[in-house]
Amino acid sequence: MPLPRFLRSPLAQFVRSLPIKGRWRIASRLNRLFRAEQTTFEFSGVGRLTLDLDIEMQQHIYWAGLSRDDARILELARAILPVDGVFLDVGANVGLHTLAVARHVADGGAVIAFEPHPANHRLLVH
């Protein structure tokens, strides 16, 4: 029997805040405690993100937060991309980099994102 939905978000915020490596390893276990469904939440440093918690990679993002590699990519993009620059995100997936960089270039720049996978494209557009 799944746990009530209202417990998922605070638990996810807590897990994402833990200063430990490998948080993604417990994502699928935590996700089994709740109904797998699409969820929208405010992701610190990124923006409002919609994920399908029935998809393992998206579970990792929801429960563990940014991977070390994603954090480095965003740090690099913010460091070298001028605020009036253009960011091209090819294979944008669900929009993690797209949204984060869009915040950086919001005052004059642009983000162009492409995602060919139909399900990921729907979430990206949403």
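The values are calculated or read from the model by the stated rules, or taken from the named source; none is laboratory data. Source: prediction; values computed, not measured. With ideal geometry, Cβ positions are generated from the backbone for all residues, glycine too; neighbour counts draw on all protein chains shown. Quick note on the areas: whole protein, heavy atoms, side chains included, nothing else; ligands and nucleic acids left out. Shrake-Rupley method; radii C 1.70, N 1.55, O 1.52, S 1.80 Å.
Values for this structure:
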item: Residues of segment 35-57 satisfying the condition of being under 23 Å from residue 104 (Cα atoms) and open to solvent by less than 40 Å² (accessible area, probe 1.4 Å); result: 41, 43, 45, 46, 47, 49, 50, 51
item: Extreme residue, nearest to residue 43 (Cα to Cα), among residues of segment 73-109 that are small (Gly, Ala, Ser) and within 17 Å of the chain's Cα centre (by Cα); result: 100
item: Pair list, Cβ < 8 Å and 6+ apart or interchain, from segment 97-126 residues that are of a type in the set (Val, Ile, Thr) to residues that are part of a helix (DSSP H, G or I) and open to solvent by 80 Å² or more (accessible area, probe 1.4 Å); result: 101/78
item: From the options 90, 101, 94, residue that is under 30 Å from residue 31 (Cβ atoms), loosely packed, with under 11 Cβ neighbours inside 10 Å and touching a strand residue (DSSP E or B) at 6+ places or on another chain (Cβ under 7 Å); result: 90
item: Residue 114, sole failed condition from (1) open to solvent by less than 40 Å² (accessible area, probe 1.4 Å); (2) farther than 27 Å from residue 10 by Cβ; (3) not β-branched (Val, Ile, Thr); result: (1)
item: Qualifying positions in segment 9-32 - in a helix (DSSP H, G or I), open to solvent by 40 Å² or more (accessible area, probe 1.4 Å) and either within 18 Å of residue 71 (Cα to Cα) or not aliphatic (A, V, I, L, M) (or both); result: 9, 10, 13, 14, 16, 17, 23, 24, 25, 29
item: Residue 75 vs. criteria charged (D, E, K, R) and open to solvent by less than 40 Å² (accessible area, probe 1.4 Å); result: no
